[in-house]
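What follows is one structure encoded as structure tokens, with my remarks underneath.
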Amino acid sequence: MKGILCITSAKNNEEYRVVVKKRINISIVIMIFGAITAGAGFVAENNFNVSISEQMLGVYSGAGVGLFFGSLALLIKNRILLRSEERLKASRLNNSDERINEIRNKAFNISAYALIAALYLVALIGGLFYPVLVIVLLIVLCVFLLTYVISFGYYEHKM
């Protein structure tokens, strides 16, 4: 997952240090979301008398704990990275490689096509059994496509 989480255009260690500090802040925010997600099911079940299946409690707690500890691991990794100039330089050079950037772009393109196809197929097939599924998945598909169009227009004018 290097291309998604670590790509950078920093030219020196000081610029890269700022990037790593931003990643630390993002990790903290994701940890908070993880804790909220893990706690949401339990709070809803115990305080609001909402009937939540054991499976959904497992999904909420698993996703929340996974987000929390995954982000904690990245936070620790990035803090250790900031302590060593050699590690910081090696990481910067590794993550600013043009080849990695091109691989990331191609992988994102293929992933986007697969996501669009999967959403469309699941919406059409799943809609036979759960009609609301069509609406939800097509809204997700529209949000994805609208986000792409807006971000493409934004970066076309910015770059």
When every residue in segment 57-81 that is surrounded by 18 or more Cβ atoms within 10 Å (Cβ to Cβ) and free of Cβ contacts under 8 Å to residues at least 40 places away in the same chain is compared, the one nearest to the chain's Cα centre (by Cα) is 67
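Determine, yes or no, whether residue 52 is touching a Gly at 6+ places or on another chain (Cβ under 8 Å) and without any contact (Cβ under 8 Å) to a residue 24 or more places away in the chain.
yes
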Show the residue pairs that are 6+ apart or on different chains and have beta-carbon atoms under 6 Å apart, the first residue being within segment 85-111 and farther than 30 Å from residue 145 by Cβ, the second being aliphatic (A, V, I, L, M) and not in a helix (DSSP H, G or I).
92/10
Filter segment 6-56 for residues that are closer than 18 Å to residue 76 by Cβ and among the β-branched types (Val, Ile, Thr); the one that is surrounded by the most Cβ atoms within 10 Å (Cβ to Cβ) is 20
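Each value in this text was obtained by applying a stated rule to the coordinates, not by laboratory testing. Predicted, not measured: the structure shown is a model, and the values here were computed from it. With ideal geometry, Cβ positions are generated from the backbone for all residues, glycine too; neighbour counts draw on all protein chains shown.
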